[in-house]
Every structure is written in C-alpha cells, then in structure tokens.
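See below for the structure under consideration.
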Amino acid sequence: MIRRFLYNFMQGRNGFDSVAKLAWCLTIVFMLLSLIPGVFGFVCGFIVLVLIVYTWWRVCSKNVYKRSRENARYLEKTAALRMRLRDFKIRFSMRKQYKFFTCPTCHTLLRVPRGKGRIQITCSKCGNRFPGKT
Ligand SMILES: [Zn+2]
C-alpha cells in the first residue's frame, strides 16, 4: 500500500536525479561540519536545512523538463571529473595485477601487466611507442 502510494505520488515528478544526489552528499558534509561549535557550525546547520528543502523540492518537482535540463547541464559540466574518477577507480581495483600508463601523444590510459621489467609500450589507439618500467 505504501509502495502504491509512493508510486502514484512520484508519477510525473522529477525523482532522485544526479543533482539531487550531489545536494544530498553536500547535506551530509554540512551536517558533519555543523557539529563544530560556534557560529561556523550554526551557519552549516542552516545550510543543511536549506539543502534538505532544496533536495525534496527537486525530487518532488513537477517541472520535469526544466529539472532534467538542469541535470543534463550538471552532468555535462562534471563529465571530465567523473571520467577521471572512474579511471581512478579502475586503476585502483587492478593496481596489483597491472600498471597504468598514459600515452604521451594521445593521453589514452594504457594497462600493462606488472613484473615485466623495462619494456617498450605501444599505444593501442595511436601506435606511439614509449619506454616504461612495470
Ligand atoms: Zn596514444
């Protein structure tokens, strides 16, 4: 019954998009900062309230067209950063088996097995060769 209610309620509404996710993460950060005593903590507590209201307003907004355009703009502006973060996650998860190099010509991320000593690395994208220690 609650599920049905939520489903009906969320029909035609924006929902929890990437901007809402960012606002939610900032809420948690400011919530922790608000624990600091004094004026700074108080201001952070106020920001938490604003962010909570903003997040819910955004999730429940019925102007889906405008919200999705804002979301698209946000995703476009953070595309490079999110790509770097993704690269970092991939590198980190495979750090024991592989060493990673960036091609000096085309900046492609290249993966080489570890423990092969000094080798010539050939870029899979542009064919450039450069030395590297694995
Ligand atoms: Zn290359």
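Taken together, the values in this text are just the output of simple stated rules run on the coordinates, not laboratory data. In this text, all values refer to a predicted model and were calculated from it rather than measured experimentally. We place every Cβ from the backbone using ideal geometry, glycine too, and count neighbours over all the protein chains shown.
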Problem set entry | Diffusion coefficient, µm² s⁻¹, Stokes-Einstein with Kirkwood Rh over alpha-carbon pairs of the chain at 20 °C and 1.002 mPa s | 112
For this session: Please arrange C126, C44 by counting, for each residue, the other beta carbons lying within 10 Å of its beta carbon, fewest first.
Result: C126, C44
Problem set entry | Summed residue charge, Cβ within 13 Å of G12's Cβ, Lys/Arg positive, Asp/Glu negative | +3
Exercise. Working from the pairwise distances between different alpha carbons, so that the mean of 1/r is found and then inverted, what is region 91-133's Kirkwood radius in Å?
Worked result: 10.6
Exercise. Under unit Cβ charges (Lys, Arg +1; Asp, Glu -1), what dipole magnitude, rounded to 20 debye, does region 12-134 have relative to its Cα centre?
Worked result: 800
For this session: Would you work out which of H107, I28, G132 lies farthest towards the positive end of the dipole of the chain, given +1 charges on the beta-carbon of Lys and Arg and -1 on that of Asp and Glu, about the Cα centre?
Result: G132
Problem set entry | region 2-77, dipole about Cα centre (Lys/Arg Cβ +1, Asp/Glu Cβ -1), debye to the nearest 20 | 400
Seminar exercise, completed: What helix-only [θ] at 222 nm does the chain give? Using -39500 (n - 2.57) per DSSP H run of at least 4, over all residues, to the nearest 500, the answer is -18500 deg cm²/dmol
Seminar exercise, completed: Computed over region 2-77, the convex hull of the Cα set has an average projected area, in nm², of 6.0
Problem set entry | Förster-model FRET efficiency, 22 Å R0, Y54 and L33, C-beta, rounded to 0.05 | 0.85
For this session: Just rank W57, W24, fewest to most, by other beta-carbon atoms within 10 angstrom.
Result: W57, W24
Exercise. For R129, R13, what ranking results if the residue with the fewest other Cβ atoms within 10 Å of its Cβ goes first?
Worked result: R129, R13
Problem set entry | Calculated FRET efficiency for the pair D87/N128, C-beta based, R₀ 22 Å, to 0.05 | 0.70
